[in-house]
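Heads up: the structure comes next, in structure tokens.
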Amino acid sequence: MTAIAIELNDAGIVAAGEGSLLTTPSPGFALLDGSDLVVGNEAWVSARLKPRRVNHRFWDLLSTDSLPRPFPRSLSYADVVHAHLSAVWKAIEGESADGGEAVSVLLAVPGWYSSQQLGLLLGVARACEIPVTGMVDAAVAAAAQRGAAKRVLHLDVALHRMTWTEIENQGELVRRRVEVVDSVGLVSLWDSWARMVADLFVRETRFDPFHHGSSEQALYDQLPQWLSLIVHHGNDIATLESGGTQRSVELSLEKVESVSRAKLEPVIELGRSLASTGEPATILVTDRVAGLPGLITKLSSIAENGLEVLPHGAAARGALSHRERIEAPGTELTFVARLPSAAELGAVEVAPPIPAVMPANDPPQRQPTHLLYGGVAHPITEDPFWLGLTTPVDGRGIELMGATAGISRTHCSLYKKKGLVVIEDHSTYGTYLNGRQIKGTAEVALGDRLRLGSPGQELLLIEVKQEDG
């Protein structure tokens, strides 16, 4: 391995080598576990179990100031950055295919760091024995892989802030201004969405995920996946386990947006203000921003010259593509905030634009594993699962209550067959799949809705992830 680039964003630090990403994202979380300090994903998976012993501001507040209690006063923000960066570097070295040493490391850094923080960061990296040979603005590095737009507005999100970077093309891409909205970041958004999901569980199932640290942690662990499916499909089923029982609620884009709209409005307004000043701009957003439900649609309305979603690790990849312009000889490094655009470099392949709104069928199709009714998820197996006013003796199923007009005693059954899930109608008045009456049997898919009776009762086909162990 001769050159790598590390993209420093506390939402998830990633590294790229020649042609590929080397590490999974490592979030900027630190946990004081007794006298031990754990960082990254190891801290994230226990953050809700020991919330008072967690810190996720050390990258954001990089300095030599002491961390607040319960962390020892001898421990500074820079010390925790050192611990996290050391762990990331160890993971990078472990991924070296040939066992060779990296001779050149480039750091792609957020544009809002001050000169003092950049100097401190370089000192921390060298204390980690990372052979840093260059530092570059992350937004400029990412934009330099795109086309030759006259003006670019780049948007990224970190744990505690969102950042607009204005970049002009003057034969090369030059950073003109950096504008920060520090009232919103992933942490505040996650907390708002998690509370909304928990309130839904309480109202619909009487189960409060925040009552126990383990279920609260499970909620936060699964939240990114739920949000991803909402971005792609407009809705998803959130399922949590408690006391051996699966409980589920339906999440929609409308519900998620309702709690984040006010937080994201300053970001949209700032983007609108920047877009309306000067040449028509192309808006580039990171994959982290694209994962915020509903935001892409609103940003598209202010992007006069179009909007593109950058691929994961775009800043690290961009830094590697412009290694010769970023590296500095000797020990005195310059923070690079201008680079040639990809269109100016004949040897650099410009990746095709990624659609701002991913097609609805982009994620792989998955089979449902459970049937959701009354907030409880029931597993689907090869044995028939019966729905109706009664269930057969020794048979599994649900005896429906309440509005039962048009529902037969043994109305329909659901089961797995050759890797598929099948619904079989046994009723007098019919079983409806996504609003259409089935004849005999029909295959069902994840997200499908069953209706029995008139106006009837509705059940959802969902997927429940099984935890390891």
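A few points about this structure:
- Per-region count, segment 198-218, residues in contact (Cβ under 8 Å) with a residue 40 or more places away in the chain, within 19 Å of Pro51 (Cα to Cα) and not small (Gly, Ala, Ser): 2
- Extreme residue, surrounded by the fewest Cβ atoms within 10 Å (Cβ to Cβ), among residues of segment 242-264 that are out of contact with any Ser or Thr (no Cβ under 8 Å at 6 or more places or on another chain) and in a strand (DSSP E or B): Thr245
- A count restricted to segment 281-296 and to residues that are part of a strand (DSSP E or B) and of a type in the set (Gly, Ala, Ser) stands at 0.
- Filtering segment 164-177 to residues that are under 20 Å from Leu8 (Cα atoms) and crowded, with 24+ Cβ neighbours inside 10 Å leaves Thr165, Ile167.
- Yes/no for Val202 being part of a helix (DSSP H, G or I) and not assigned by TED's automatic domain parsing to the domain that holds Ala78: yes
- Top-ranked residue of segment 242-263 - restricted to ones that are in contact (Cβ under 8 Å) with a residue 40 or more places away in the chain and in contact with a strand residue (DSSP E or B) (Cβ under 8 Å, 6 or more places away or on another chain), ranked as farthest from Val289 (Cα to Cα): Thr245
- Residue match in segment 88-99 (condition: of a type in the set (Phe, Trp, Tyr), touching a residue at least 40 places away in the same chain (Cβ under 8 Å) and within 23 Å of Gly17 (Cβ to Cβ)): yes
- Taking residues in segment 8-37 that are under 11 Å from Ala91 (Cα atoms) and of a type in the set (Gly, Ala, Ser), and partners anywhere that are part of a loop (DSSP other than H, G, I, E, B) and modelled with pLDDT under 95, the pairs with Cβ atoms closer than 6 Å and at least 6 places apart or on different chains are Ala15/Leu22; Ala15/Thr23; Ser26/Gly40.
- Leu106 falls short on exactly one of the conditions (1) over 23 Å from Glu179 (Cβ atoms); (2) modelled with pLDDT under 95, and that condition is (2).
- Residues satisfying the stated conditions in segment 297-337, i.e. in contact with a helix residue (DSSP H, G or I) (Cβ under 7 Å, 6 or more places away or on another chain) and not in a loop (DSSP other than H, G, I, E, B): Lys298, Leu299, Leu307, Val309, Ala314, Ala315, Gly318, Ala319, Ile326, Phe335, Val336
- Among (1) over 33 Å from the mean Cα position of the chain (by Cα); (2) part of a strand (DSSP E or B), the one test that Gly402 misses: (2)
- Consider segment 248-290 and keep the residues that are among the β-branched types (Val, Ile, Thr) and within 15 Å of Ile230 (Cα to Cα). The one that is farthest from the chain's Cα centre (by Cα) is Val249.
- Within segment 219-264, considering residues that are aliphatic (A, V, I, L, M) and farther than 25 Å from Val181 by Cα, the one modelled with the lowest pLDDT: Leu229
- Any hit, segment 140-158, residues being modelled with pLDDT under 95, charged (D, E, K, R) and in contact with a Leu (Cβ under 7 Å, 6 or more places away or on another chain): yes
- Only one of Ala337, Ala290, Ala319, Ala314 that is of a type in the set (Gly, Ala, Ser) and more than 27 Å from Ile268 (Cα to Cα): Ala319
The values are calculated or read from the model by the stated rules, or taken from the named source; none is laboratory data. Keep in mind that what you see is a predicted model, and the values were worked out from it rather than measured. Don't worry about glycine lacking a Cβ; one is built from the backbone with ideal geometry, like all the others, and counts go over all protein chains shown.
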